[in-house]
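Colleague: One structure, pasted below without further comment.
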Amino acid sequence: MALTETHQGGPPPEGATPPTGVAALGLPGRILAAVALALVAGLACVHLGVVFLHVAPANTLSKRHAQAVDDWIYPEFEQNWKLFAPNPLQQNIAVQVRAEIRTEDGDARTVDWTDLSAEDGRAIDGNPAPSHTQQNELRRAWDFYVSSHDDENRATGPRGRLAEEYLRRIVVMRLGRTYEAEVERIQIRSRTLQVAPPVWSGEKAESEPRYRVLPWWNVSADDVPGGDL
């Protein structure tokens with residue numbers, strides 16, 4: 001009877017296919033990969049569970065942990081269901097900004113209004129896989145601000161300050177990519193234009209845009225990525 005020699009270690013036998021992926025790692029590497037995978041899977045389950053509590057009808061569990069749910073969801077993961085009936089969005093809302101900047105030479109000037117929403121639209125147009133930030137970050141930040149402030153731009157609840165900080169930081173980050181200068185102050189406004197109804201509906205909509213202009217905001221080190229002005 002012929003005995004088959006079993007490969008116990010060292011390089012694989014001639015002609016054998018070397019292992020790839022996790023199988024190519026040693027025992028410590030496999031353990032580390034398994035732990036990392038378990039942590040990612042656990043975090044994903046926690047996130048889905050919290051989002052479910054956020055969007056589900058009020059219940060004993062969501063009421064008991066309401067503060068923890070809000071701290072996790074806002075502002076990055078807030079959900080918006082206005083795409084669907086019975087109350088779909090019927091407006092085009094653009095977020096625009098102008099700023100006072102100071103160049104490296106020490107000169108100060110005010111730059112004209114920049115349409116940040118239009119920049120996102122151009123980045124999405126023709127892109128088969130646009131990023132989440134291009135599609136939602138600025139839009140949801142503005143929705144978050146509007147829902148937490150009245151028409152006089154006064155905060156209506158405890159999340160008002162968070163909404164201001166979130167919107168301001170996003171805008172400052174975007175301006176930092178456009179201008180190689182120190183941003184000292186910013187002013188944000190929205191431009192709202194009604195979507196024209198179909199001809200057969202007989203409905204009428206405003207043809208002129210409406211603007212909501214926020215006050216000038218000073219930019220601090222906390223608003224700049226990295227904390228540097």
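Colleague: Length gain on complete extension for the stretch residue 179 to residue 155, per 0.36 nm per residue less the alpha carbon to alpha carbon distance?
Modeller: This chain segment gains 5.6 nm when fully extended.
Colleague: Please give the length that would be gained between residue 195 and residue 124 if that part of the chain were fully extended, namely 0.36 nm times their separation in residues minus their C-alpha to C-alpha distance (nm, one decimal).
Modeller: Full extension from residue 195 to residue 124 adds 23.6 nm.
Colleague: Next up: So between residue 146 and residue 212, what do we pick up on full extension, going 0.36 nm a residue minus the alpha carbon distance?
Modeller: So the extension gain works out to 22.7 nm.
Colleague: Only helices at least 30 Å long along their own axis, judged from Cα atoms, and with Kyte-Doolittle mean hydropathy of 0.5 or greater: name those in the chain from DSSP H.
Modeller: Helices meeting the span and hydropathy rule in the chain are 27-55.
Colleague: If R0 is 41 Å, what FRET efficiency do you get for residue 39 and residue 221 from their C-beta distance, rounded to 0.05?
Modeller: It comes to 0.80.
Colleague: Please find, in a Gaussian network model of the chain (springs between Cα atoms separated by less than 10 Å), the residue of 36, 123, 163 whose mean-square fluctuation is greatest.
Modeller: So, out of 36, 123, 163, the one fluctuating most is 36.
Colleague: Okay, moving on. For the chain, what is the mean residue ellipticity at 222 nm derived from helices alone (per DSSP H run of n ≥ 4: -39500 (n - 2.57); sum divided by total residues; nearest 500 deg cm²/dmol)?
Modeller: -11000 deg cm²/dmol, from helical runs alone.
Colleague: Another question, then. If you place +1 on the Cβ of every Lys and Arg, -1 on the Cβ of every Asp and Glu, and leave all else neutral, what size is the dipole of the chain about its Cα centre, to the nearest 20 Debye?
Modeller: It works out to roughly 760 debye.
Colleague: Say each of residue 32 and residue 105 gets a label point 7 Å from the Cα, pointing the same way as Cα to Cβ; how far apart are those two points in nm?
Modeller: 5.2
Colleague: With percent of Cα pairs over 23 Å apart in mind, check (i) 56; (ii) 66; (iii) 50 and report the label derived from this structure.
Modeller: (ii)
Just so you know, all these numbers are worked out from the coordinates, no wet-lab data involved. These numbers come from a predicted model, not from an experiment. No Cβ is skipped: glycine too gets one built from the backbone with ideal geometry, and neighbour counts run over all protein chains shown.
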